[in-house]
Amino acid sequence: MLYTMHELQHALLAPFATAAAATHTLFTHPQSPWSYTPIARGMAAANELLMRLVRRYEKPQWGIDSTVIGGKTVPVKIEKAVIKPFCHLLHFKRETERNDPIVLVVAPLSGHHSTLLRDTVRTMLPEHEVYITDWIDARMVPVHEGHFHLDDYVEYVQEFIRFLGPDVHLVSVCQPTVPVLAAVALMAANGDKIAPRTMTMMGGPIDTRKSPTEVNNFATGRPLSWFESRVIQRVPAKYPGMGRRVYPGFLQHASFIAMNAHRHVEAHREFFNHLVTGDGESAEAHRRFYDEYNAVLDMPAEYYLETLRVAFKEHALANGTWDVRGQRVDPSAITKTALFTIEGELDDISGVGQTEAAHTLCTNIPKSRRDHFLVDGVGHYGIFSGRRYRERVYPRIRDFIRRH
C-alpha cells in the first residue's frame, strides 16, 4: 500500500513539476522578455529548485566513452560481459592493446545504482581493464526469475571471478565487502583453482560492532520483524516486477536524507543562492551530485533482510557463524589473495575499524601481503569518489595491485 501511495504522490506532483519547468523557461529563455527583468534570476532559481524536489530521478548514464592513456584519448565501449537476472557484469572495453591488470569492481546493492562508482571506474581506466557489477532494480525483475538471497550474491561474485580468471583483482565498496570476503573464502576452502590476486575492501561492514554508526545503531535497535513489517513492500502493477517483495529505494533514500537532514537543507539553500548569483560551476556540481544521490533502486526483500541479519545483527562473518548454502564461511582459508583495507576517518556509514577487521579474520594471509589505509579527513563517499580519492586513495590501490 505504501508503495502505491508513493506512486500516486508522484502522479499528483507531476503537474507542479511541469508548471515549474514552464515557468523556469519563461524566466531563462533568451527570447523571453521576462528573462531580463530584475526578478528573473530569483524566479528561475525558485522554480528549478521546485522542479528538482518533485521530479523522479532515473538511473544516470555512465558518461564514460573515452579515457586518456599515455597522453592519447582512447575510446571506451561499455559491454555486458555476463547477464544475470539481478545483475549485469559490465566491461569498460578500451580500444587499445595493453596488458593491464584486470579489476572487478563490486558495487554495493544498497539503494543506489552502480553509477555511484563512476569516479572509481573513470580513475582506474587508464591503467586497468575494468569490470563492474551493475545491479538491476528489483522492481524491473519479473517474479518468475525467482528470489535473490545473500547467498545468491556470493555465488554471483564467484561466477564473475571464475569468468575473469586467476589474474583478477577485486575492489569492493561498502556493503559488498561482506559477500566478497565470503566468496573468496569459500573458493579457497573448496580448493578452487582460481584465486583473485588481491582484494581491496573500502568502507565496509565486516564487523559493525567496532565504532558503531547511526546506521548500525538503527539496524540493531529494532528486531528483524520490525523491518519486515514496516519497510518491505510489494512492487505495484506498473512495473515488470509486479508483486515482488522489495525494500523500496524511496524508503532507503528517505532514511539517508533523515540522517543528515540539516546538511541537505543547507546544500539546497546554497544551490538556490548559486543560481541567483550566477555561480554556474557550483550549481552544476550540486546538480551532478543530487542527480546521482536521488536516483535509487529497490532491493529484493529477502536479500535486504538477510544482510541485516548476517552483517548487522548477528555479526555472523566476524563471529564465524555464517553459513552459505550450508557451508561455513572461514576467511582463514584464504592464503593466496592479498588483502588491502581502506577506511575514511569521518565515515558515518561504516565506522573506523569495521573494514580493518578483515585482517583479524584472514589469519593465513602473510603480513607481507596485507595493508591498511586510514584516510584522514575523509568521509564515506570520499574514499571512492572525488579529488581526495583520485589524489590519495587511488594511487595506493594502484600500487597495491602492481605489487601483487
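List every residue whose amide H lies under 5 Å from the amide H of I349, counting only residues 5 or more places away in sequence or on a different chain, with H placed 1.01 Å from N in the peptide plane.
Residues meeting the criterion, in which the H sits 1.01 Å from N, are H380.
For the range 284-303 and the range 79-119, compute the distance between their C-alpha centroids and round to whole Å.
18 Å
Tell me which lysines have Cα within less than 25 Å of K77's Cα, excluding those fewer than 8 residues away on the same chain?
List returned: K59, K93.
Would you calculate, for the chain, the mean residue ellipticity at 222 nm contributed by helices, counting each DSSP H stretch of 4 or more residues as -39,500 (n - 2.57) and dividing by all residues, to the nearest 500?
-11500 deg cm²/dmol
Once both labels are modelled 7 Å past Cα along the beta-carbon direction, what's the Q9-R269 spacing in nm?
The answer from the label model is 2.3 nm.
Taking the alpha-carbon set of the range 1-56, what are its Rg and Dmax in Å?
So, for the range 1-56, Rg and Dmax equal 14.0, 47 Å respectively.
Mind giving me the nanometre distance, one decimal, between the label points for R209 and T73, set 7 Å out from Cα along Cα→Cβ?
5.4 nm
Let me have the relative contact order for the chain, percent, based on Cα pairs under 8 Å that are six or more residues apart.
Once divided by the residue count of the chain, the mean separation gives 19 percent.
What does the charge count around R328 come to, taking other residues whose C-beta lies under 15 Å from its C-beta (Lys +1, Arg +1, Asp -1, Glu -1)?
Taking every Cβ under 15 Å from that of R328, the sum is -3.
For D65 and Q327, what does the FRET efficiency come to when R0 = 45 Å and r is the distance between their Cβ atoms, rounded to the nearest 0.05?
Given R0 = 45 Å and the Cβ-Cβ separation, E is 0.60.
How large is the Rg to Rh ratio of the range 35-122 when both quantities use alpha carbon positions and Rh follows Kirkwood?
1.16
What is the distance in Å between the Cα centroid of the range 313-370 and that of the range 23-53?
53 Å
Over the Cα atoms of the range 126-192, what radius of gyration and what Dmax do you get, in Å?
13.5, 41
Tally Lys and Arg at +1 and Asp and Glu at -1 over the other residues with C-beta under 10 Å from the C-beta of L308: what net charge comes out?
0
Could you work out how far apart the two model spin labels at N190 and T37 are, taking each label as a point 7 Å from the Cα in the direction of the beta carbon, and quote it in nm?
6.9 nm
No lab work stands behind these numbers, since they all come straight from the coordinates. If you're wondering where the values come from, they're calculated on a predicted model, not measured in any experiment. Here Cβ is always computed from backbone atoms with ideal geometry, including for glycine, and neighbour counts include all displayed protein chains.
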